[in-house]
Every structure is written in C-alpha cells, then in structure tokens.
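Reviewing the structure listed below.
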Amino acid sequence: MLKVQSNLDKQGRYAVLLNHRELINQIYSATVTDNTTYELKKQLFYFHQPKTITTTQKKRKRKLNDAPNIEQSEDNITEYLKLLPEVANSDVETSLPRYWEAEYTLPQLHGSNLSGKFQEFHNGNSSSYIIPQAARFYNHNVEQLTALLPQLLPSYDVIVLDPPWRNKYIRRIKRTKQELGYAMLDNDQLSQLPLGQLIHERTLVAIWCTNSKQHQQALETNLLPSWRLRLLHKLRWYKLNTEHQLIGDLNSGDVTQKQPYEMLYLACHVKSDASYAEELKKTELLLSIPSIVHSHKPPLLEWLRSHLKLGEHQKEPNCLELFARYLQPNFTSIGLEVLKLMDERLYDKV
C-alpha cells in the first residue's frame, strides 16, 4: 500500500495505491505458524495495453475524442497517474484457465480455521479449497442473514459488502453464463438486510457501488438510513493496467459507457461522534491493478486499520464481509460464493 500525494492539492489529500496481490499474500503469510503459505498467481493481475486496436475500438475512440464534453474527473486522477512509480517489465507468458467460470455449487455449510496453518477443504470429486488461518465462513444466502444472526458476533468493527446491484452488463453476461456472480438484488431487498443489528458506534462500513446514479442515490437516501448508517466519505477506485495507466477512457456523462472506476462508500453508525474517522476524507481516491476475475475486489483492511478505534485490550478488529468471494484472516465471510476464489488452482503453494 502506497500513499501518493499531489503537489496541486493544498488540503493534504492523497491517493492510495493498493497492490491487491501483494496485500493478500502478505496477509496470508503473516498469520501462519509454519513455513507454508499460498500466493495468488501472477496471471490473475496481468493487464497490458492491447497492442492492436480493433475497428470497433477505433470508432469508439473517435466518438469520444469528438465529443464536446468529455468528462472532467472530480479528482486529480491525471496528476496522480504521473506520480506513480515506474513498473518493472513483468511479462507473464502463460495464461490461466478460467477456473472461476466453472459451475460452483456447495451445500449451505460453515467452517473456521484456528490451526495456525492453511487447511484444505475437498468438495467431493471437484476442486480443493484452501482455508486461511483465523478465517471463518458461512456458505449462506445473504438474503437470509437474519437467520444467521444468533451465530454471529453482536457487532463488528469493520463490515465490507459488495452487493450484487442490478445492472444491464451483468444481466447480459448471466444470460449465457448463469453460474457467474450472485443473483442480483433490488434496492428493496438490500434494505431488508439487518446490517443495523451488526454495528456499534465505532464500526466502519465499506460498501462497493456501481457507477449508476440511480444506485448511488438509493444508497445515500434509502439504504444507509435503513441500515442506521451515515455517510462518512465516498471515493472512486480506479482500475489500472500493468503499466499503471487507466484500463479505459474516462467517458462523458453517458451512463451506458463503461468507466475505468467503481465507487466505494464509507459509512458509520448514525450515533457515531461527528468527527469519527474524519481523516478518511483525506484519501481522495484508490488505485490498483484489478484481478481479471469479475468482482474480485482488493482488500481494504490495511488501509482502514489506522482509522479504527478498537477496544482497550483488542489487538485485531473483528471483521465481517457480506457477498464474499474469498476469505481473509480475522474475517467472518458470508455468501453463496464464499469459497469460489479460494480454489487451490488460483494459488501457488510456497
């Protein structure tokens, strides 16, 4: 994780460059007591600029260049990109089979690992899944979270959720690949999640959101109040290629065009102190090379850690992730795809 500060900003704000792969690898290796760990394969984070541009891409680029009102970013992304460290040549010669697109079915089950080392879970004749130390998981439908409340902690210090928002792009993909992603939920369904029963006055909640203005407005005006949360900060997570450039153009206000960023909302309990986690607002934006796997979001805990207020004798935060797709130490992870990206074939054993 690297802070990048622009000389143009006079308010002390900065960007945070997250190395998704390194963060996960470090988290996993730090919690084991033996010498064996697992590292995400390099091929999962290999985004090069295309060497040739297709006719369709050329037409789209001309259309964007001719547009009179190309979007001016609300932040200093252009300046921050100039300040990023140079990237060493890291060609990855072999591609990776798309194991994550295979049919994924697990019974509703739960488990945890307190052994001090990685454990393996074998699902019959199919793949093996690795379980990190200090991870707890429920392969459970988040829509039925209320039924799970008696088995969870009364509250958590950090809650992360990446809701399966309704959108045309995913709906189009799922017509041909039904196994990809969670079932989409509408705003009324999301508002019924008992999130307000799992927070205390020092909880930080991170919510990934699409670029849909409709979703953002619903989150700010309806969902946050229904979960007893107030907005602390919202910022963009920009996706970079391997050369530390944006993976696509910043488009005009046309919501049908795909953007090279997603939104992240940070919230706290409505009764939290007015100044709680105020320093988070100095983070103007997040940057990272994304995983090639859909919705494989970067881990946020190392960035959020310094803004938490833990109990007097508490060493580590209690964390919860909803609609989870992979496991992290000190997290309780819940969702019907909770082990999907723990497939042993996506990792190198070290």
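Just so you know, all these numbers are worked out from the coordinates, no wet-lab data involved. Here the structure is a predicted model, which means the values were calculated and not measured. Here the Cβ is made from the backbone with ideal geometry for all residues, glycine too, and neighbour counts use every protein chain on show.
Worth pointing out:
- Subtracting the Cα-Cα distance of Glu302 and Lys3 from their residue separation scaled by 0.36 nm leaves 106.4 nm.
- Cα-projected label distance for Glu201 with Lys281, points at 7 Å along beta-carbon direction, nm: 2.1
- For the range 277-350, the set of trypsin sites (Lys or Arg not before Pro) satisfying both a DSSP loop assignment and a count of at most 10 other C-beta atoms within 10 Å is given as Lys315.
- Over the range 272-350 - Rg/Rh using Cα atoms and the Kirkwood inverse-distance radius: 1.02
- Positive minus negative residues near Tyr129 (Lys, Arg vs Asp, Glu; Cβ under 11 Å): -1
- Förster-model FRET efficiency, 45 Å R0, Gln11 and Lys41, C-beta, rounded to 0.05: 0.70
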